[in-house]
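The values are calculated or read from the model by the stated rules, or taken from the named source; none is laboratory data. A quick note: this is a predicted structure, and the numbers were derived from the prediction, not measured. Neighbour counts are summed over all protein chains in view; Cβ atoms, including those assigned to glycine, are modelled from backbone coordinates with ideal geometry. These area figures cover heavy atoms from the full protein model, side chains too; ligands, DNA and RNA do not enter into them. Shrake-Rupley method; radii C 1.70, N 1.55, O 1.52, S 1.80 Å.
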Amino acid sequence: MKLVFAGTPEVAVPALDALIASGRHEVAAVVTRPDAPAGRGRRLVASPVAERAEEAGIEVLKPARPRDEDFLARLREIGPDCCPVVAYGALLPGTALDVPARGWVNLHFSLLPAWRGAAPVQHAIMAGDEVTGASTFLIEEGLDSGPVYGVLTEEVRPTDTSGDLLTRLAFAGAGLLVATMDGIEDGTLHAVPQPADGVTLAPKINVEDAQVQWSAPALRVDRVVRGCTPAPGAWTLFRGERLKLIQAVPVLDRAELAPGELSAAKNNVYVGTGSHAVELLWVQPQGKKPMRAADWARGVRIVHGELLGS
């Protein structure tokens, strides 16, 4: 089939690479979000998908909005049979959905209908799911509600951050997306409507959502830290400034600390929660680089009974 691939961040690049390497389908163009400011200089930078497409000599389309008439006209000129999508980052209007004869097919990183929305992997970790996966489905105008072509499952490991899990799903999902394109082309694969039961939502996690609540149980604190790593980054307050929490693990034999109370030894830093303590392993003070929590604690000279949190 002739394909137009839509995607933006690094997590979409494995799927683009797999489609290019498949040898069976032609990636005629790529649709991605416009260049965005990045770094201290805030200079405009192309998306990872745009950079990969340009390396491969593939035409790149960067509409400000996918309903822009210039973009729709070019899409119609290309005439794709199907448009595979991975983390494009913008809602597709009906005028765009109607262009490819076999529709737009999204690779979504959950077992639909669970975790529909922008942050399925983060929510799966924060909810304590033991198994998640990826799904390919036909996009319709509802939120991730279209019929499903295929799925794969992936274990959520006890130490997984959202970055760890998303990386594994990106590579495994790339194969699923190629297989879906193959099945659509040869007519052996047909989309099945999602069940009405089991729908959960996974809205984007903002900075406010990533603030750790020390009154929560230790396992919940652990899941929030892992689910928000690397983005948007779990955090708390220390002496009125934000302290980013990069790694923290429950310590089930320590329950004597009050929620948020700090206890620092030579090589360990503990914080009380609503149940057992957690040990801070890596933190990042405001305006500084990540560091071991024990090194941070020595530098700030924690006072007995001092608390984290607002």
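Of all residues in region 103-145, which are closer than 19 Å to Lys2 by Cβ, open to solvent by 30 Å² or more (accessible area, probe 1.4 Å) and touching a Leu at 6+ places or on another chain (Cβ under 8 Å)? Walk me through it before giving the result.
Going through region 103-145, the residues closer than 19 Å to Lys2 by Cβ turn out to be 103-107, 136, 138-139.
Pick out the ones that are also open to solvent by 30 Å² or more (accessible area, probe 1.4 Å) and you get 138-139.
Residue satisfying the conditions is Ile139 alone.
Restricting attention to region 221-249, report how many residues are of a type in the set (Lys, Arg) and open to solvent by less than 50 Å² (accessible area, probe 1.4 Å). If you could, list the steps in order and put the result at the bottom.
Restricting attention to region 221-249, the residues satisfying the condition of being of a type in the set (Lys, Arg) are 223, 226, 239, 242, 244.
Those left that are additionally open to solvent by less than 50 Å² (accessible area, probe 1.4 Å): 226.
The qualifying residues number 1.
Can you tell me which residue is farthest from the chain's Cα centre (by Cα) among those in region 250-268 that are open to solvent by less than 50 Å² (accessible area, probe 1.4 Å) and under 21 Å from Asp160 (Cα atoms)?
My answer is Val251.
Would you be able to say whether some residue in region 162-181 is assigned to a loop (DSSP other than H, G, I, E, B) and either within 30 Å of Asp17 (Cβ to Cβ) or open to solvent by less than 70 Å² (accessible area, probe 1.4 Å) (or both)? Show your work before the answer.
Kept after step one, since they are assigned to a loop (DSSP other than H, G, I, E, B), are these residues of region 162-181: none.
For region 162-181, residues assigned to a loop (DSSP other than H, G, I, E, B) and either within 30 Å of Asp17 (Cβ to Cβ) or open to solvent by less than 70 Å² (accessible area, probe 1.4 Å) (or both): absent.
Among (1) open to solvent by 10 Å² or more (accessible area, probe 1.4 Å); (2) in a loop (DSSP other than H, G, I, E, B), there is one condition Pro100 misses while meeting the rest; what is its number?
(1)
Taking the condition of being over 17 Å from Ala29 (Cα atoms) and over 15 Å from the mean Cα position of the chain (by Cα), how many residues in region 99-113 meet it?
Within region 99-113, the subset over 17 Å from Ala29 (Cα atoms) is 107-113.
From what is left, the residues that are over 15 Å from the mean Cα position of the chain (by Cα) are 112-113.
Residues meeting the conditions: 2.
Within the set of pairs 6+ apart or on separate chains, which have a first residue in region 1-15 that is more than 10 Å from Leu177 (Cβ to Cβ), a second that is surrounded by fewer than 24 Cβ atoms within 10 Å (Cβ to Cβ) and modelled with pLDDT under 95, and C-beta atoms under 6 Å apart?
Listed pairs, sorted by first residue: Thr8/Gly89.
Does region 146-159 hold any residues that are farther than 22 Å from Ala96 by Cα and either part of a strand (DSSP E or B) or open to solvent by less than 30 Å² (accessible area, probe 1.4 Å) (or both), and which are they?
Result: Gly150, Val151, Leu152, Thr153, Glu154, Glu155, Val156.
Can you give me the number of residues within region 97-117 that are small (Gly, Ala, Ser) and in contact with a helix residue (DSSP H, G or I) (Cβ under 6 Å, 6 or more places away or on another chain)? Full working, then the answer.
At the first step, the residues of region 97-117 found to be small (Gly, Ala, Ser) are 101, 103, 110, 114, 117.
With the extra rule that they be in contact with a helix residue (DSSP H, G or I) (Cβ under 6 Å, 6 or more places away or on another chain), the set shrinks to 110.
Count: 1.
Go through region 76-117 and give me each residue that's hydroxyl-bearing (Ser, Thr, Tyr) and in contact with a strand residue (DSSP E or B) (Cβ under 9 Å, 6 or more places away or on another chain).
Just the residues of region 76-117 that are hydroxyl-bearing (Ser, Thr, Tyr), to begin with: 88, 95, 110.
Of everything in region 76-117, those that are hydroxyl-bearing (Ser, Thr, Tyr) and in contact with a strand residue (DSSP E or B) (Cβ under 9 Å, 6 or more places away or on another chain) turn out to be Tyr88, Ser110.
Take Glu155 and decide whether it is more than 14 Å from the chain's Cα centre (by Cα) and free of Cβ contacts under 8 Å to residues at least 40 places away in the same chain. Steps first, please.
Values: more than 14 Å from the chain's Cα centre (by Cα): yes; free of Cβ contacts under 8 Å to residues at least 40 places away in the same chain: yes.
Against the criterion (more than 14 Å from the chain's Cα centre (by Cα) and free of Cβ contacts under 8 Å to residues at least 40 places away in the same chain), Glu155 qualifies.
Can you name the residue in region 68-112 that is modelled with pLDDT under 95 and out of contact with any Asp or Glu (no Cβ under 9 Å at 6 or more places or on another chain) and, of all such residues, is farthest from Leu176 (Cα to Cα)?
By that ranking, first place goes to Ala90.
Open to solvent by 30 Å² or more (accessible area, probe 1.4 Å) and without any contact (Cβ under 8 Å) to a residue 24 or more places away in the chain: which single residue out of Thr200, Thr188 fits that description?
Numbers: Thr200 fails: without any contact (Cβ under 8 Å) to a residue 24 or more places away in the chain.
Result: Thr188 is the single residue among Thr200, Thr188 that is open to solvent by 30 Å² or more (accessible area, probe 1.4 Å) and without any contact (Cβ under 8 Å) to a residue 24 or more places away in the chain.
Which residues, taken from region 113-134, are outside any helix (DSSP H, G or I), of a type in the set (A, V, I, L, M) and closer than 22 Å to Asp209 by Cα? Talk me through it step by step, then tell me what you get.
Initial filter on region 113-134 (outside any helix (DSSP H, G or I)): 113-119, 127-134.
Add one more test, that the residue is of a type in the set (A, V, I, L, M), and what stays is 114, 118-119, 127, 131, 134.
Selection gives Ala114, Ala118, Ala119, Ala127.
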